[in-house]
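Notes for the one structure printed next.
All of the numbers you see were taken from the coordinates with simple rules; none came from a lab. Source: prediction; values computed, not measured. A quick note on method: Cβ atoms are made from the backbone with ideal geometry, for glycine too, and the neighbour counts reach across all protein chains shown.
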Amino acid sequence: MTTALERLHNRIDLANVPFTDRGTRLLLFLRDNEISIRLAERWAKWERQVGHYRQRPPIVERLVILNEDDQPVTLTPDTYPHAAGLTCPLGRFEWIYVDAETLLLRLPEGRSTLRCVIHAEKGQTDRRGARLHGKRNIAYTTDARIEANLLTQISDDMFEMKLTVRAGAGQSLLLNITPRLAFNRAIPNGEVTYEQARQRWQAWFDAAPPVLDEYRDQYEYAWWVMRVGLLSTRYFFTREACVPSKIHYVGVWHWDQFFHALAYRHVDTRLAEDQIRIVLDHQREDGMLPDAIHDEGLVTRLSVPVEEDVTKPPLAAWTALKLYEKSGDLDFLQEVYEPLVRWHNWWLNHSRNNTGLCEYRHPFSSGLDDSPLWDEGMPVVSPDLNTYLCLAAESLSKIAEIIGLPDEAESWRQEADATAQRMVTVLWDELAGCFQALHLGQKAVNVMTPFHLLPLWTGRLNKAMTRRLLAHLQNPETFWSEWPIPTVALNDPKFDPKQMWRGPTWVNINYLFIEALARIGREDLAAELRRKTLKLIQQHPDIYEYYDPVTADHPPKAAPVFGWTSAVYIDLAIQETEARARQNGA
């Protein structure tokens, strides 16, 4: 019987999907027979010198293996989650992670030469390799016999390294890339290191609940994404937490954490809870939670396109309750209840306008950065925000009840009911048969999005409203596309299937609608949308940020190796597996 490790053989192609691991900021790529190692680090204070992290040159680049004629050899990748092999006429070179800052390169027996460029400002060779210092410090160390070790400075911040070794059985080269002053130069046993890496990965996959065979391959890849997306603690990064994409988004964007936590709850309660804690660690005195958390600081206010505090949608209480329902960890609810109350009250104190509803004052606070909902300017009283606040109040009510605060539980229930009723009074458009988003709290924004339908999720609408919202959702000319749900209606003039929130399908939004449909008793539609969403994510070997709702293509700007899409796939695959088991009487 094959294992998950074997089934993921060569899913890490090294060209588009790097070899990386839990906690590390190192990303190993192979393109045109050249190895490079990029850093999943922002270095914001050095951007003027080193460039934006997405375009920044690798810290180790143009690493080639040379033959006896000093010519680069052809390298063929042979990868697993725990090891990245590169085969060539000289033998097999194999990379393994020792720790978050250290890679071990197992060398084939015989003579081989490595040449590369290293970004550093100072460097010095020694008997076992070299040490280099710069924005990040680098050491390479080998226990093979060194025949030549040349380190040539070719610019103020760049060295060329050329190392020739003659390796015996079991010998290696250790590469340590660190922000610290101390280097790791102790070479471990290669076989032991390999086995330890294999066991760590196998334990991760073994912890995941089984799913139906039709979902297994992408499910295991999604779990790979969820493990490699974790970064270790550093400065403001107070907990081990999952970044949206190590290639495109290095940091914590806080509503991403809610979906990441939904996946982690199936394998590790503490890890799931820490996705919430890292956000609560940085709560402001007034209760606001930051938009994003990076190693070097927080994003809490932006000046573009308007000067305003910026955060993310209020889904933390909803998530915390889901974690508790899985784990039964009462202490976690006790821990987070008061911060979540302060967070909810921040929205009411900061963003409630004269309609009695809350408004977005910065488009990024919605998470729907470039949605046409904001084309007419800010602020906007939007149905999605007030739906989230209704669900948050309902979740806080349930949490208060669980932790023994019945009076507060009743108050939160009344708050949820009142919010839903205010949405009906202020935002319901009888002619259009949906909830409107109001610019300045007055004028309907001229666009149709699924967020106009999201109040379904409250479970507090009458049958006539529910019927009309479902008609919009199921209409193949608006939202029930081949690969639903587009983030702008297909027949809307502003629909663009390639541009972020202006048309593509985002599966986290599907997840919310799946829950909404189940809540109102439309389990049939919820199941259909769940299966369509799973099938959409299966259309490509990698997992992307968003998808074309007509073709299922991943648009050019959609980030790869994407966290919340993987998390949603995991949770929906488990849901579908459990639903089939119930149908079969298991």
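Might you report the magnitude of the Cβ-based charge dipole of region 277-352 about its Cα centre, with Lys and Arg at +1 and Asp and Glu at -1, to the nearest 20 debye?
So the magnitude is around 300 debye.
How would you rank Lys312, Lys45, Lys398, going from fewest to most other Cβ atoms within 10 Å of each one's own Cβ? Let's see the in-between values first.
Values: Lys312 22, Lys45 9, Lys398 18.
Ranked by crowding around the Cβ, least crowded first: Lys45, Lys398, Lys312.
Say the dipole of region 208-583 comes from +1 at the beta carbon of Lys and Arg and -1 at that of Asp and Glu; which of Tyr569, Val424, Met500 then lies farthest toward its positive end?
With unit charges placed on the Cβ atoms, the residue in question is Val424.
Sort out for me the Cα centre separation of region 428-454 from region 49-97, rounded to whole Å.
With region 428-454 and region 49-97 each reduced to a Cα centre, they are spaced 53 Å.
Rounded to the nearest angstrom and ordered from largest down, what semi-axes does the equivalent ellipsoid of region 276-424 get from its C-alpha gyration tensor (root of 5λ)?
On the way: eigenvalues 134, 77, 28 Å².
The three semi-axes for region 276-424 are 26, 20, 12 Å.
Along the positive direction of the dipole of the chain (beta-carbon charges: Lys, Arg +1; Asp, Glu -1; about the Cα centre), which of Leu103, Gln474, Gln171 reaches farthest?
In the chain, that residue is Gln171.
What length, rounded to one decimal in nm, is gained on full extension from Trp46 through to Asn10, with 0.36 nm per residue of separation minus their alpha-carbon distance?
Working: separation 36, 0.36 × 36 = 12.96 nm, distance 3.53 nm.
Contour length minus the Cα-Cα distance gives 9.4 nm.
For the chain, what mean projected area does the convex hull of the alpha carbons give, in nm²?
Working: hull surface 111.4 nm².
Mean projected area for the chain: 27.9 nm², to one decimal.
Tell me which GluC sites (Glu not before Pro) from region 36-93 have a DSSP coil assignment and no more than 14 other beta carbons within 10 Å of their own. Let's see the in-between values first.
Values: sites: Glu41, Glu47, Glu61, Glu68; in loops: Glu41, Glu68.
Sparse-neighbourhood loop GluC sites (Glu not before Pro): Glu68.
For the chain, what does -39500 (n - 2.57) per DSSP helix run (n ≥ 4), summed and divided by total residues, give at 222 nm, in deg cm²/dmol to the nearest 500?
It comes out at -11000 deg cm²/dmol, rounded to the nearest 500.
Roughly how many debye, to the nearest 20, is the charge dipole of the chain about its Cα centre, given +1 on each Lys and Arg Cβ, -1 on each Asp and Glu Cβ, and no other charges?
So the dipole magnitude of the chain works out to roughly 820 debye.
In whole angstrom, how far apart do the alpha carbon centroids of region 217-240 and region 346-403 sit?
28 Å
Relative to the Cα centre, what is the charge dipole magnitude of region 1-136, using +1 at the beta carbon of each Lys and Arg, -1 at the beta carbon of each Asp and Glu, and rounding to the nearest 20 debye?
Its charge dipole is roughly 700 debye.
What residues from region 513-529 fall in the zone where the backbone N is under 13 Å from a label point 7 Å along the Cα-to-C-beta line of Asn462?
Taking a point 7 Å out along Cα→Cβ of Asn462, no residue of region 513-529 has its backbone N under 13 Å.
Using bins 5 angstrom wide from zero, how does P(r) for region 464-586 break down, in % of all Cα pairs?
2, 12, 21, 24, 18, 13, 7, 2, 1, 0
Determine, from the Cβ-Cβ distance of Asp157 and Val550 and an R0 of 45 Å, the FRET efficiency 1/(1 + (r/R0)^6), rounded to the nearest 0.05.
FRET efficiency, Asp157 to Val550: 0.45.
Dipole of the chain (Lys/Arg Cβ +1, Asp/Glu Cβ -1, origin at the Cα centre): which of Trp201, Leu30, Ser232 lies farthest to the positive side?
With unit charges placed on the Cβ atoms, the residue in question is Leu30.
DSSP loop (so not H, G, I, E, B), at most 16 other Cβ within 10 Å: list which GluC sites (Glu not before Pro) in region 369-444 pass both filters.
In loop regions of region 369-444 (DSSP not H, G, I, E or B), the sparsely surrounded GluC sites (Glu not before Pro) are Glu376, Glu430.
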